[in-house]
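J.: Okay, here's the structure, questions in a sec.
The values are calculated or read from the model by the stated rules, or taken from the named source; none is laboratory data. Here the structure is a predicted model, which is why all the values come from computation and not from measurement. Counting neighbours? That spans all protein chains shown, and the Cβs are built from the backbone with ideal geometry, glycine included. Heads up: the accessible areas ignore ligands, DNA and RNA and are worked out on the full protein's heavy atoms, side chains in. Shrake-Rupley method; radii C 1.70, N 1.55, O 1.52, S 1.80 Å.
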Amino acid sequence: PQEEWVAEQRYTDYYEPKIDSFLQANPSQAISYIDKVLKKYPEKDFLYIYKGMGFYKIDSFELAHKEFKKAMAKAGYESPAALGYSGWALAKMERYDEAISEFKKAVKTNSNYEYDLALVYEMKGDFQNAINYYEKEIDETQKLNPLQSRIDSNTVKYLAELRVKLGALKEKVK
């Protein structure tokens, strides 16, 4: 128990911040470092997500996708975050149907991914589905902020941008 606690603290206080720093400064170096950390902490499924993020940042989207899948296999479930990362890696490879499938699974437990779905549908050229998901995103955002007078300026700007985008897409499908 004491050794496990010390190991967990070392991971949280030392390795994770270092990985975060490497991912920002030098993703290739982060990938190598994560491989070393995985030898010490093979049970940490989130290390595979970090590694996938590193590959994503250097435009190695297929390798990123594989790491996100490894993370989910290691965890034993498909987390919305891992599905979202996987979805974006697939979208970058123009595998839109697979990306949409990942985001739809993520939306089942986290509605924040409706916006991602809208974007990918738009990238695919499926404007009607993009419109549907942008509308859902607007509705969800408004439900979270029911008193319009209390919505912060960032939310107001976000909703305005979504409405402009939605209007433009509706013009395309006419």
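J.: Give just the number: which of (1) surrounded by fewer than 22 Cβ atoms within 10 Å (Cβ to Cβ); (2) modelled with pLDDT of 95 or more does I34 not satisfy?
T.: (1)
J.: Considering each of L119, L159 in turn, give the residue that is crowded, with 17+ Cβ neighbours inside 10 Å and modelled with pLDDT of 90 or more. Give the derivation first.
T.: Numbers: L159 fails: modelled with pLDDT of 90 or more.
Matching residue, one of L119, L159: L119.
J.: Sticking with this one: Any chance segment 9-25 includes a residue that's assigned to a helix (DSSP H, G or I) and closer than 18 Å to A99 by Cα?
T.: Restricting attention to segment 9-25, the residues satisfying the condition of being assigned to a helix (DSSP H, G or I) are 9-25.
Subset that is closer than 18 Å to A99 by Cα: none.
No, that holds for no residue.
J.: Kindly indicate whether Y33 is assigned to a helix (DSSP H, G or I) and under 30 Å from L159 (Cβ atoms). Give the steps one after another, and end with the answer.
T.: On the way: assigned to a helix (DSSP H, G or I): yes; under 30 Å from L159 (Cβ atoms): no.
Taking the combined requirement at face value, the residue does not satisfy it.
J.: Need at least 3 residues that are of a type in the set (V, I, T) per element, so show me which helices (runs of 4 or more DSSP H) inside segment 96-149 make the cut, counting only ones lying wholly within it.
T.: Numbers: elements: 96-107, 114-124, 127-144.
The helices (runs of 4 or more DSSP H) meeting that bar are 127-144.
J.: Which condition number does V6 fail, the rest of (1) open to solvent by 40 Å² or more (accessible area, probe 1.4 Å); (2) within 29 Å of N112 (Cα to Cα); (3) aliphatic (A, V, I, L, M) being met?
T.: The single condition V6 does not satisfy is (2).
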